[in-house]
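Each reported figure results from applying straightforward, stated rules to the coordinates on display, with no laboratory input. Values in this document were obtained by computation on a predicted structure and should not be read as measured data. Positions of Cβ are generated from backbone atoms using ideal geometry, with glycine treated the same way; all protein chains shown enter the neighbour counts.
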Amino acid sequence: MAKKQLRIGLIGYSFMGRAHSNAFHQVNHFFPSSYELVPQAVCGRDETAVRAFAEKWGYKSIETDWKKLIARADIDVIDVATPNNLHAEQVIAAAKAGKMILCEKPLGLNGKEAEKMLAAVKKAGVANMVWYNYRRCPAVVLAKNLIDAGKLGKVFHYRANFLQDWTISPDLPQGGTGLWRLDVKVAGSGVTGDLLAHCIDTALWLNGGIKDVSAMTETFVKQRKHNITGKVERVGIDDACIFHCHFNNGSLGQFESTRYARGHKALYTFEINGEHMSLKWDLHDLHRLQIFDHSDEGQERGWKSIHVSDGDHPYCGNWWVPGLQLGYEHSFVHAMVEFVKGLESGKGCTPNFEDGLATDYVVDAVLASAKSKKWIKVKQALRHRVPLNSNQTCP
Ligand code: SOE
């Protein structure tokens, strides 16, 4: 049977543009479905650079104006891989044009923006996904499956960290390509929206909603030269953030993120302690899940490390043979697999824009709490699926 083509128009071609483009190709190679992902066009302002990217990643054509890309009739899906301050405008325009939408995280600069983005995709009835890729690491999905099977029993604690060290030098400028994450006008926030957003997304998925938060943030380097203005300007982002919270299920949460933990490059870890079982995961060893099962025989009871690579582990059967591990890039492939599955079932996928809004609400509450030095209640995102247009489902 002929495959239905999903012609993708990518906006932005840096780090995330590459991660997404690789996923589009690998889905076709490793996860056959009724859809064929077609890298149709890529858009960026620098024509020479975007042309070189298109050649390297197999895009058939280029645009230098994202509005033109969105207007094209030969594009089914718009993939927004631009800096955070562009997400809302591009997503809303794409929804109005009836395109399906993939959006890099965080969904909006804040909850208010994300609300408008969610409203736009709901109104248009278009399929949508936010690239919270770590949900789709096989070991994280295994954790989700164990939790959903009730193996942990009542959950008491959820702990997560995301530690980096790349902004310690006060000589590092802010703003512009590569360094927009340090510019609050472009990024919205610092580690809270960039790194903790991942931890929050995973936590909401694994452990349910967060009720309230108490946070502190710090900006260690107060001024940096701005790459675009050339002037030394105030740094508006949070360099570090620590918060604790109550989950709706009664468990306590503790989260920390910083870009000032010398020696740590992208140390995303989480630990969940339940009544019967505890789980630990570590991005630096991402194919492993650590499990402590209290029901194990007394003398043999202890932490065990599962090498999540067997044929019956999540997604692994589609790749190599047992024992050969998967990495960072595969999490994006699996995210895209879920998007395609959501089209096939007509039910959509997660994390979708509702999930993205839920995370943005927690980020907002964390930043508000750090500012006010008070506990802040988290706005709860409505949790129902966005219905898809009939032309976006598989017969
Ligand atoms: C920042 O350094 C960053 O690239 C984030 O923006 C990503 O979302 C995270 O996965 C890795 O770190």
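Placing R0 at 25 angstrom, the Cβ-Cβ distance between E89 and D165 gives a FRET efficiency of 0.15 after rounding to 0.05.
For a quick check of your reading of the filter: which chymotrypsin sites (Phe, Trp or Tyr not before Pro) in segment 274-374 sit in a DSSP loop and have no more than 13 other Cβ atoms within 10 Å?
Details: sites: W281, F292, W303, Y315, W319, W320, Y328, F332, F339, F353, Y361; in loops: Y315, W319, W320.
Sites meeting the loop and neighbour criteria: W320.
Amide H contacts of Q174: K225, H226, N227, each under 5 Å away and 5 or more positions distant or on a separate chain (H built 1.01 Å from N in the peptide plane; Pro and chain starts excluded).
May I ask for the distance between the Cα centers of segment 22-46 and segment 73-139, given as a whole number of Å? Rounded to whole Å, the Cα centres lie 17 Å apart.
Extension gain for K377-I306 works out to 21.9 nm (0.36 nm per residue, less the C-alpha to C-alpha distance). Backbone geometry of segment 289-298 corresponds, through the Karplus equation with coefficients 6.51, -1.76 and 1.60 at θ = phi - 60°, to 3J(HN,Hα) couplings of 10, 8, 10, 10, 10, 5, 7, 5, 3, x Hz, x marking Gly and Pro.
In the chain, excluding the sites themselves, the longest stretch lacking any of the GluC sites (Glu not before Pro) that are in a DSSP loop with at most 13 other Cβ atoms within 10 Å is 1-274.
Whole-Hz Karplus values for segment 308-318 come out as 7, 8, 7, x, 9, 7, x, 6, 5, x, 7 Hz, taken residue by residue from phi with 6.51 cos²θ - 1.76 cosθ + 1.60 and θ = phi - 60°; glycine and proline positions read x. The distance between label points at W320 and T64 comes to 4.2 nm (points 7 Å beyond Cα on the Cα→Cβ vector).
Take each uninterrupted DSSP H stretch in the chain, measure its Cα extent along the helix axis, and return the ones at 24 Å or beyond whose mean Kyte-Doolittle hydropathy is at least -1.0. Could the numbers behind the result be given before it?
Details: long enough: 328-345 (27 Å, 0.09); 353-372 (28 Å, 0.41).
In the chain, the long hydrophobic H runs are 328-345, 353-372.
If the chain between E36 and L252 were fully stretched, how many nm would it gain, using 0.36 nm times the residue separation less the Cα-Cα distance?
Numbers: separation 216, 0.36 × 216 = 77.76 nm, distance 4.35 nm.
Gain on stretching E36 to L252: 73.4 nm.
If the chain linking K144 and K96 were pulled fully straight, counting 0.36 nm for each residue of separation and taking away their Cα-Cα distance, it would gain 13.8 nm. Helical runs assigned H by DSSP (4 residues or longer) give the chain a calculated mean residue ellipticity at 222 nm of -10000 deg cm²/dmol, each run adding -39500 (n - 2.57) before division by the residue total.
I'd like the trypsin sites (Lys or Arg not before Pro) in segment 46-146 restricted to DSSP loop residues with at most 12 other Cβ atoms within 10 Å, sorted by number. Listed in order of number, the matching sites are K60. Amide H to amide H, with H built 1.01 Å from N, E63 comes under 5 Å of V42, C43, G44, counting only residues 5 or more places away or on other chains.
Where in segment 7-32 does the label zone of A52 land, with the point 7 angstrom along Cα→C-beta and an amide N cut-off under 14 Å? Counting backbone N atoms under 14 Å from the label point, the list is 13-15. When both bridge partners sit in the chain, DSSP labels roughly 60% of those beta bridges antiparallel.
Of the trypsin sites (Lys or Arg not before Pro) found in segment 208-293, the ones in coil according to DSSP and having at most 11 other Cβ atoms within 10 Å of their Cβ are K222, K231, R262, K265. Once the C-beta distance of D212 and E329 is scaled by a Förster radius of 45 Å, the resulting FRET efficiency is 0.80 to the nearest 0.05. Modelled spin-label separation between H284 and R234, with each label point placed 7 Å from Cα along the Cα-to-Cβ direction: 3.6 nm.
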